[in-house]
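Working notes for the structure below.
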Amino acid sequence: QVQLVESGGGLVQPGGSLRLSCAASGSHFSIYAMSWYRQAPGKQRELVAHITSVGLTNYADSVKGRFTISRDNAKNTVYLQMNSLKPEDTAVYYCNADTDRGVHWGQGIQVTVSS
């Protein structure tokens with residue numbers, strides 16, 4: 001079993017920054033790719049950013065140039081640095097890990113961008 005725990009969300013003003021973290025734990029697993037998704041009220045869950053085991057990344061067009069995904073393989077942790085936040089970034093953010101034991105999701109963490 002693999003558990004993912006997100007942290008770092010909260011309320012921030014437009015133009016501000018937040019850094020999300022997602023730590024994976026469990027026994028004897030290997031992580032391939034890790035991703036961040038988000039779901040705003042009344043909308044479908046969407047991919048925000050993705051990073052492979054060797055550090056290749058891709059981003060949704062809406063966050064390119066503002067968000068940066070990174071990972072620490074030694075800590076089984078993925079990060080999402082979010083800068084220049086906009087009200088439309090408000091959503092529940094979910095961590096996703098593709099592992100040798102299947103695909104796993106975190107419980108989600110709220111990010112609210114509002115003045």
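The values are calculated or read from the model by the stated rules, or taken from the named source; none is laboratory data. The shown structure was predicted, so the numbers you read here are calculated from the model rather than taken from an experiment. Here Cβ is always computed from backbone atoms with ideal geometry, including for glycine, and neighbour counts include all displayed protein chains. Accessible surface is based on the protein model in full, side chains and every heavy atom, while ligands, DNA and RNA are left aside. Shrake-Rupley method; radii C 1.70, N 1.55, O 1.52, S 1.80 Å.
Just a few scattered comments:
- When all protein chains stay in place and ligands, DNA and RNA are ignored, the 1.4 Å accessible-area order of HIS104, HIS28, largest first, is HIS28, HIS104.
- Just the protein heavy atoms count here, and of the accessible area of region 44-115 at 1.4 Å, carbon and sulfur take up 47 percent.
- For the chain, the solvent-accessible area of protein heavy atoms averages 52 Å² per residue (probe radius 1.4 Å; ligands and nucleic acids excluded).
- Cβ-Cβ FRET estimate between SER114 and SER25, R0 fixed at 25 Å, reported to 0.05: 0.20
- Magnitude of the charge dipole for the chain, about its Cα centre and with charges confined to Cβ atoms of Lys, Arg (+1) and Asp, Glu (-1), is about 120 debye.
- Cut-off 14 Å between beta-carbons: net charge of the residues surrounding SER84, Lys and Arg +1, Asp and Glu -1: +2
- By average C-beta atoms within 10 angstrom, highest first, the peptides 31-38, 80-87: 31-38, 80-87
- Placing dummy labels 7 Å off each Cα toward the beta-carbon, the span from SER70 to LYS86 is 2.4 nm.
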